[in-house]
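Each value in this text was obtained by applying a stated rule to the coordinates, not by laboratory testing. A quick note: this is a predicted structure, and the numbers were derived from the prediction, not measured. So basically every Cβ, Gly included, is an ideal-geometry build from the backbone, and we count neighbours across all protein chains shown.
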Ligand code: 13P
């Protein structure tokens, strides 16, 4: 865990969730009422943001978007700006998730421009990086993630920046890296952030993501420079998610 940083446990609902699933957010908000830490974040689909914001008003649960356009408004059918997400109640936005990099061809340069937009709108960007299985097996994981970091992070990201290391081969598969591999990567990311951002790099929370479950969360909690987790499937049910939250208390 480490560093005096308040850990962040974030749920990425991806393209899941109808209005009836707001009950899960209601349950998370209720169950976390008396937990001073970790910080809890849910990133539901944008269709649920405003209703979720009403539910979470006055609670410790914060909300985020899953992507944003780089412009504040304009002729971009189907897109949402960072300002719109902030207006709907988001405090954070996930950027450069590997599913967006793969399915929408997002490059690290685009991620950096979106991060600027997030900061302009007062949102804290959660910038995702991570290697494929082939890249790891070829011994290229650190170099690949280093290059993604360099190109994705704006030069002056401010105090709210979060970086999520999500090895692509661990997402939704039930396969996870070993604690040693995660420790090595997070130490590397911390050191790269120090080179790029100076002392600001020590303040960035580093999340691990990829098949985080209540059964394996203790492995991640114990690692230096793991300041929280980014949870997909196990964030959809409040009972599962709260077990992960409690591991970071
Ligand atoms: P899973 O926890 O379902 O593997 O998803 C991880 C993820 O992609 C979170 O952003």
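Based on the Cβ-Cβ distance of residue 57 and residue 132, what FRET efficiency does E = 1/(1 + (r/R0)^6) give at R0 = 41 Å, to the nearest 0.05?
0.50
Could you order the peptides 149-156, 123-130, 39-46 from most to least packed, using the average number of other C-beta atoms within 10 Å per residue?
Ranked by mean Cβ neighbours within 10 Å, highest first: 123-130, 39-46, 149-156.
Please compute the Kirkwood hydrodynamic radius of the range 62-128 from all pairs of different C-alpha atoms, in Å with one decimal.
When all Cα pairs of the range 62-128 are included, the Kirkwood radius is 11.5 Å.
Would you mind listing how long the chain runs along its three principal axes, going by Cα atoms, in whole Å with the largest first?
Answer, in whole Å and largest first: 45, 44, 33 Å.
If you take the square roots of the eigenvalues of the alpha-carbon gyration tensor of the range 28-156 and sort them as a ≥ b ≥ c, do you get rounded (a/c under 1.5), prolate (a/b over b/c) or oblate?
oblate
Taking only DSSP H segments of four or more residues, each worth -39500 (n - 2.57), what value at 222 nm results for the chain once the sum is divided by all its residues, to the nearest 500 deg cm²/dmol?
-11000 deg cm²/dmol
Find how much the distance from residue 46 to residue 102 grows on full extension, using 0.36 nm per residue of separation minus their present alpha carbon separation; answer in nm with one decimal.
18.1 nm
Rounded, prolate or oblate, given the Cα gyration tensor of the range 120-196, with a/c below 1.5 counting as rounded?
prolate
Say R0 is 41 Å: what FRET efficiency, to the nearest 0.05, do residue 79 and residue 215 get from their beta-carbon distance?
Calculated value: 0.65.
Which order do peptides 132-145, 236-249 fall in by mean Cβ count within 10 Å, highest first?
236-249, 132-145
So for the range 116-249, considering every pair of alpha-carbon atoms, how many percent are separated by more than 21 Å?
Summing the P(r) tail past 21 Å for the range 116-249 gives 40 percent.
Highest first, please rank the peptides 168-179, 14-25 by the mean number of other Cβ atoms sitting within 10 Å of their residues.
168-179, 14-25
Bin all alpha-carbon pair distances of the range 182-249 at 10 Å intervals from 0 and give each bin's fraction as a whole percent.
The calculated distribution, bin by bin, is 22, 46, 25, 8.
Extending each Cα 7 Å along its Cβ direction at residue 87 and residue 237, get the distance between those two points in nm, one decimal.
3.8 nm
Taking each pair of distinct Cα atoms in the range 1-89 once, what is the resulting Kirkwood hydrodynamic radius in Å?
Computed over Cα pairs of the range 1-89, the Kirkwood hydrodynamic radius comes out at 14.0 Å.
If you split all Cα-Cα distances of the range 162-202 into 10 Å bins from zero, what percentages do you get per bin, shortest first?
Values per bin, smallest distances first: 27, 44, 24, 5.
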